[in-house]
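This structure is in structure tokens; I'll ask about it shortly.
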Amino acid sequence: MEAINASIGFDKRMARQDIDGSRAHAAMLAQQGIITNKDAEAIREGLLTVLSEIEGGTFEYSAALEDIHMNVESRLKEIIGEPAGRLHTGRSRNDQVATDFKLWVRDQFDAAISGLDALISALLDQAEAGAGMVMPGFTHLQVAQPVTWGHHMMAYVEMFARDKSRMADARARMNESPLGAAALAGTSFPIDRHATAQALGFDRPSANSLDAVSDRDFALEFLSAASICATHLSRFAEELVIWSSAQFRFVVLSDRFSTGSSIMPQKKNPDAAELIRAKVGRINGSLIGLLTVMKGLPLAYSKDMQEDKEQVFDAADSLMLALAAMTGMVADMRPNAESLEVAAASGFSTATDLADWLVRALGMPFRDAHHVTGALVKMAEDRGCDLPDLSLEDMQSVHGEITQDVFGVLGVQNSVASRVSYGGTAPAQVREQIATWRERIK
């Protein structure tokens, strides 16, 4: 029973939040005349002593005391005696643990937002350095159209900025204090829940005591936002694994974020990227795990909810590690401009530019232009060359009205420069987006 019932092995991570909540509660009890100022001061000083022991590594945890809350209260009693017993007036472990957990999750939202800011800044630096560097854009992992390195980096800026927005939205929604909801029905003591909410940085106290102690949607939202963010990290990690391979040679990852082989001396493995790619499995698993724990629980509190924390703790650790590693990789990586441009010109990547030119210059319906372009691609493919290598006579054999001007749109540099629509890959557009984002993250 002790083994299955105890949570101190993992919930001791919430020690600081537990002590912050208790200090706010004790101060409110004194303010309301529920306990004396003398007892409140003794509690305050005693809790600071407990915190210093925990942070100094001298605190002795006991599994017999079940959780961090009882461990702190027991040690407080050893330090200050009888006044420690008055701390729990007007509250329950149900609202206490909900408060501690909310404070901890709120801290993780703040940490994730800060981590995303750092990653976005690193991506902006890469985008700015390569705003005019041409690379292939892919669909189905097949060369589709030329884009710029800066444009590709900015795609991830947009993704991670949405992740940051989700984190901020969920943080704002969760910022209500459960403290004072007691076991499930509130308390008969004349407590001031608004005062404790303000002291702990909450926007307001939660409006329903049953809901306050029984729901964990704030943790589910954190896991959901973390899962989406981890998915974006995993997608980028997959590209870095592919790009750094000998077959692509698009990017060189630094030695700081690569490893060697135990047997093959020539190998340089993108292990950091591969491990980031794997983290999404753990984080998604945590989300599914907590959803499953919560799905059948009647109001109000059930001990099942003790299973909420380990999964959130693990997901938070995984996310923060992945964000830090990705930020380091992005800051250190070096794109191979020559390989990128050669690849951008392969696979008839300017075929769409040719079709667009036929529409603009000759007034041809796009479907007809698509057919003519397809015939020219087939001709080039049969001859083992690319579209710009065809002669004007070759092109006119497919459509007699094609002029020498067509060659002005077939180079990859011309292609990317022409994509000037808002959000397009033209270097001028990319630089404009970079400037906009630098202003946003100030």
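Consider only pairs whose beta carbons are under 7 Å apart and that are at least six residues apart or on different chains; among these, list those whose first residue lies in the range 396-424 and is within 15 Å of A369 (Cα to Cα) and whose second residue is surrounded by fewer than 16 Cβ atoms within 10 Å (Cβ to Cβ) and among the polar types (S, T, N, Q).
I402/Q396
Follow-up. Having 1 or more residues that are over 24 Å from the mean Cα position of the chain (by Cα) is the bar; report the helices (runs of 4 or more DSSP H) wholly within the range 251-344 that clear it.
In the range 251-344, 337-344 are the helices (runs of 4 or more DSSP H) which contain 1 or more residues that are over 24 Å from the mean Cα position of the chain (by Cα).
Would you be able to say whether some residue in the range 58-71 is in contact with a Gly (Cβ under 8 Å, 6 or more places away or on another chain) and farther than 20 Å from A6 by Cβ?
Taking every residue of the range 58-71 in turn, none turns out to be in contact with a Gly (Cβ under 8 Å, 6 or more places away or on another chain) and farther than 20 Å from A6 by Cβ.
Taking the condition of being surrounded by 14 or more Cβ atoms within 10 Å (Cβ to Cβ), assigned to a helix (DSSP H, G or I) and not hydrophobic (A, V, I, L, M, F, W, C), how many residues in the range 50-76 meet it?
Count: 6.
So which residues in the range 78-96 are open to solvent by 10 Å² or more (accessible area, probe 1.4 Å), part of a helix (DSSP H, G or I) and touching a Ser or Thr at 6+ places or on another chain (Cβ under 9 Å)?
I79, I80, P83, R86, N94
If you don't mind, there's one more thing I want to ask. Quick check on my filter: what residues within the range 356-395 are part of a loop (DSSP other than H, G, I, E, B) and either surrounded by 12 or more Cβ atoms within 10 Å (Cβ to Cβ) or in contact (Cβ under 8 Å) with a residue 60 or more places away in the chain (or both)?
M364, C385, D386, L390
May I pose another question? Going through the range 142-189 one residue at a time, which ones are within 30 Å of A428 (Cα to Cα), open to solvent by 10 Å² or more (accessible area, probe 1.4 Å) and among the aliphatic types (A, V, I, L, M)?
Within the range 142-189, V143, A144, V147, M154, A155, M159, A161 meet the criteria.
Hey, another quick one. Just the residues that are modelled with pLDDT under 90 and either surrounded by fewer than 21 Cβ atoms within 10 Å (Cβ to Cβ) or among the aromatic types (F, W, Y) (or both), please, taken from the range 321-350.
Residues satisfying the conditions are S346, G347, F348.
Ok, one more. Of the residues L253, L240, L233, L200, only one is of a type outside the set (D, E, K, R), under 25 Å from A300 (Cβ atoms) and surrounded by 18 or more Cβ atoms within 10 Å (Cβ to Cβ); which?
L200
The values are calculated or read from the model by the stated rules, or taken from the named source; none is laboratory data. For clarity, every value in this text was computed on a predicted model and none was experimentally measured. Methodologically, a virtual Cβ is constructed for each residue, glycine included, from the backbone with ideal geometry; neighbour enumeration extends over all protein chains shown. Only protein heavy atoms, including side chains, enter the accessible area calculation; ligands, DNA and RNA are left aside. Shrake-Rupley method; radii C 1.70, N 1.55, O 1.52, S 1.80 Å.
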